[in-house]
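Here is the structure we will look at.
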Amino acid sequence: MSDDMPDFSNVKGGSSSTATKIYVVVAGDSLSKIAKREYGNAKEWNRIFEANKDILKDPDKIYPGQKLKIPPK
Amino acid sequence: METRILCALLVSTALVIAACGKKEEPKTSPAPAPAPSVQPAPAPAGVAVSSVTAGSAIGVDKKVTVPTDSFARSDTMYISVDTSGSGTAKLDAKWTYRKGNNVAVVKEDSMTINSTGPATHEFHVSKPDGWPAGDYEVEITLDGQSAGSRKLTVK
């Protein structure tokens, strides 16, 4: 890239959908962190927990590689 | 005596000839089983992109409410993607900036969706200190295949 190209390192991005999204858990994730990223509000973690009760027994125990359903906003 | 022998010989010869001439009934081979009808393969129940729209605002339905390809420096740029079909698919958005022959990647984002019918998805980007004026482009790919793009301008 040429030196006179602008710096885009501070660009913020995001996405949302009317469909259920699938999120793959990575190390360091928690339902609160995912809710913050997906909904903009960490307190909405329970929506994700409720949508994934078939695979989650404890909201504090999620594992890297798990595929969580993220209900639409 | 010779006559009797001759007669017997003739009769037996006639019988043999008759037997040889008898036609065998043609064996009926079982009717060939009807060829299994070839059913057309069901259309893949995959997800397909039906439209890609750019704008500076979206509604709760993720559709663009202010469609435009031209943005102000402080705008958030949205791209709304309508899909049809059902299934799981990966949508990617790659935002780029072009200046002469140089191209810079502005942002890349992706989402995996599990769609059960028509749905709308959106990607957005913003820059706290404002967008440099110039030409931008966003390309949408669906499962790695290009599904549409929009050329954008910041003035």
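The values are calculated or read from the model by the stated rules, or taken from the named source; none is laboratory data. All values reported here derive from a predicted model rather than from experimental measurement. Note that we place each Cβ from the backbone using ideal geometry, even for glycine, and neighbour counts take in every protein chain shown.
Filter the range B:104-122 down to the residues that are of a type in the set (A, V, I, L, M) and over 19 Å from A:P6 (Cβ atoms), then identify the one that is farthest from the chain's Cα centre (by Cα).
Only one residue tops the list, namely B:M111.
For the range A:1-55, name all the residues that are within 13 Å of chain B (Cβ to nearest Cβ) and among the acidic types (D, E).
Across the range A:1-55, the qualifying residues are A:D3, A:D4, A:D7, A:E38.
Does any residue of the range A:37-48 turn out to be more than 23 Å from B:V138 (Cα to Cα), modelled with pLDDT under 95 and among the aromatic types (F, W, Y)?
Yes, the range A:37-48 has at least one match.
Give the residues of the range B:60-77 that are facing another protein chain (nearest Cβ under 10 Å), without any contact (Cβ under 8 Å) to a residue 60 or more places away in the chain and touching a strand residue (DSSP E or B) at 6+ places or on another chain (Cβ under 9 Å), sorted by residue number.
Initially, the range B:60-77 is screened for residues facing another protein chain (nearest Cβ under 10 Å), giving B:60-63, B:76-77.
Now drop any that are not without any contact (Cβ under 8 Å) to a residue 60 or more places away in the chain, which leaves B:60-61, B:63, B:76.
Within the range B:60-77, B:D61, B:K63, B:T76 meet the criteria.
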